[in-house]
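The values are calculated or read from the model by the stated rules, or taken from the named source; none is laboratory data. This is a predicted model, so every value here is computed, not measured. Neighbour counts run over all protein chains shown; Cβ positions are idealised from the backbone, glycine included.
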Amino acid sequence: MDLSKLHIHWRASKYKGKTYKSYSLARAYRKDGKNRKEIVLPLGKLSEEDLKRWKIFIEALKKPDMMLTNFDDIEVLKHYKYLDLAAVNHIWEEWSLDKPFTGHPNEEVELSKIARILTINRCIEPTSKSQVVDWFQGTWLSHILKVDSEKVNVSRIFRDLSYIEDCKEQICKHLYENLNRRTPDSMQSFFYDLSSATFSGSKCILMKWGHCKEGYLNHVVLALVVNKDGLPVYWEVLEGNTADSSTITWLRTRLEKLLPVKNITIIFDRGMVSDENLNLLEAEGYKYISAMDRNQLEKIADNVDFLHYNHFDPQKIEQQINETGVFTRLNDTTFYKEIKTIDQRRYILCFNPQLFKDQRKARDTAIENFREFVERLNEELLLAKNSRNEEATKGKFLKQLSKLKLKNIIDILIKEVEIRTRDKNDKEKIVQTYKGIIGPIDQRKVNEAGRLDGFWLLVTNHNEYENGRFLLPPDDAIKPYRDKTIIESAFRDIKSFIEIVPIGVWTNKHVKAHFTICVLAYFINRMICLRLHQNQGDLTKDVITHQSAYKILSEGSIDKIRIKNVAVQGHKLSGLNEYIYEIVKRLKMPEITRVKHVMD
């Protein structure tokens, strides 16, 4: 008899006005063209609990892989990280990121798989290269990638770093071609910038001691190019102390050699602006958008009387700047005015009300900070045990004025003071010391110092003019430069969540390969973010970053389970919930939750 054909059958009967159900196991069959039923085993009256157990038993008979057990016989032997890294792996496969890793020695583990392991690790749980192996063995990646976990070892990882760097330009070309094919609109402009990464050792010749954003430290410089969506298309690791302005020539050469870029606009920070760089880009036919240094503003916008604006009230600034009738309002944060076009360069004067408020507030704060500094230093000077030098003392006050950028606003007077104290032999002595006295603050000087508050000057060679107007309207020139924060956020992501430092490798190729892995991880993180923004959720509407998505997905693990009473064990995807299903739907990768359990 085929037990999988059995089902629960019941019939009702009445006794003393009450209705009772009587159950049995029955088998359905056909005879003479009619449906018939055979009672195999009468069960009689059943409680709700007994009925539930019989239904589970019948269900087990219908499914070959179902078994009867109890809670005490189920044992979870090990958890393997799965769902968060499966999401990262899905993006890798979707963008065919294995493809650029070619031209390397034939190894037991393909170079592309080592690169993929390192990249997924950077996205999910950044560790040092030497710790990646332990992390890898606690994940389900060996099954996903069909790699023997014993063959992923530290020596292979460090050996393959050099080969990974050899593939860097192929990776850049692969990303550029795929982005250009899938989202051509995002490739009309490139954002370019540099940032430093510090070292904790001293062996890499790329590393140089010098000033960077973190202070005076050993560092290298990462040059990065991203498209309008913030996705990287090119990067390079340069020596520490590389000046921003010196890299424009290098960038132009690299783009021409590697990427067939045509009709693009390069957007870069004012630190890279120089006549030499702009002349070079103009000669090569590149379009650019940037901004001029503050000290060039009055020279170029020489037909604007900036002193006219220095008396404006921060509380009424939007209304006052609007009432001048000089500027056109772009949005709540920007007013603009076309200034002039000189040769190929077009200049647009911009005013940011919030920047005006911030700079005014910063100056007021600086003045108050200097007052507090003078009070503290005076207290210290009046406790002097030995006579002080006048010039050295005055220098301390002037140094602080310079640091706070108040030298043209505040005058400091130095007054000699005699104090009586005692020497080490308890004899009285007279000490010559000094105190600082802040002179009257001239509001005219304050206004003079604040005449450029809120202003910045955009420069571009989008100067084509037709029918009395520029082909590129001012707002279309200003917005891309304001959007350059997209590359600043890329650096923040690379240097924080991806944890690019401490680097922990020293050869040139290893250092560069480390950055390549980090940029690939950023590419995947950015893709995750873009999809979360494009596809809104209900339960997970507040989840808009890769970090928060990974945190939810991390609940989904592959568990190794043993069922003792039937002597079987296997692997099963566990931890799924409605939040995970919605995140997976938003990321458009539902297949990563369709993992069948595997019996060992």
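Mind checking whether some residue in region 550-565 is in a loop (DSSP other than H, G, I, E, B), modelled with pLDDT under 90 and of a type in the set (S, T, N, Q)? For region 550-565, residues in a loop (DSSP other than H, G, I, E, B), modelled with pLDDT under 90 and of a type in the set (S, T, N, Q): absent.
Restricting the search to region 380-389, which residues are part of a helix (DSSP H, G or I) and surrounded by 13 or more Cβ atoms within 10 Å (Cβ to Cβ)? Residue satisfying the conditions is 381 alone. Evaluated against (1) in contact with a helix residue (DSSP H, G or I) (Cβ under 6 Å, 6 or more places away or on another chain); (2) surrounded by fewer than 18 Cβ atoms within 10 Å (Cβ to Cβ); (3) more than 16 Å from residue 346 (Cα to Cα), residue 259 falls short on exactly one condition, (2). Sort out which residues of region 444-474 are β-branched (Val, Ile, Thr) and more than 33 Å from the chain's Cα centre (by Cα), and write them in order of number. Of everything in region 444-474, just one residue is β-branched (Val, Ile, Thr) and more than 33 Å from the chain's Cα centre (by Cα), namely 446. Within region 338-379, the residues that satisfy the criterion of being aromatic (Phe, Trp, Tyr) and assigned to a helix (DSSP H, G or I) are 356, 370, 373.
Checked against the criteria, residue 485 does not count as surrounded by 15 or more Cβ atoms within 10 Å (Cβ to Cβ), within 36 Å of the chain's Cα centre (by Cα) and either over 23 Å from residue 285 (Cα atoms) or touching a residue at least 24 places away in the same chain (Cβ under 8 Å) (or both).
Total residues in region 282-320 satisfying the condition of being surrounded by 14 or more Cβ atoms within 10 Å (Cβ to Cβ) and part of a loop (DSSP other than H, G, I, E, B): the figure is 7. Answer with yes or no whether residue 39 is in contact (Cβ under 8 Å) with a residue 40 or more places away in the chain, outside any helix (DSSP H, G or I) and not polar (S, T, N, Q). Judged against the criteria, residue 39 is not a match. Selection of region 440-464 for residues being over 15 Å from residue 294 (Cβ atoms) and either free of Cβ contacts under 8 Å to residues at least 12 places away in the same chain or in a loop (DSSP other than H, G, I, E, B) (or both) yields 440, 441, 442, 443, 444, 461, 462, 463, 464. Between 287, 299, the distinction of being touching a Ser or Thr at 6+ places or on another chain (Cβ under 7 Å) and either free of Cβ contacts under 8 Å to residues at least 60 places away in the same chain or more than 17 Å from residue 487 (Cβ to Cβ) (or both) belongs to 287 only. Just to be sure, is residue 537 surrounded by fewer than 16 Cβ atoms within 10 Å (Cβ to Cβ), modelled with pLDDT of 85 or more, touching a strand residue (DSSP E or B) at 6+ places or on another chain (Cβ under 9 Å) and farther than 29 Å from residue 288 by Cα? Criteria not met by residue 537. Do we find a residue being touching a residue at least 40 places away in the same chain (Cβ under 8 Å), crowded, with 18+ Cβ neighbours inside 10 Å and under 41 Å from the mean Cα position of the chain (by Cα) anywhere in region 407-419? Yes, region 407-419 has at least one match.
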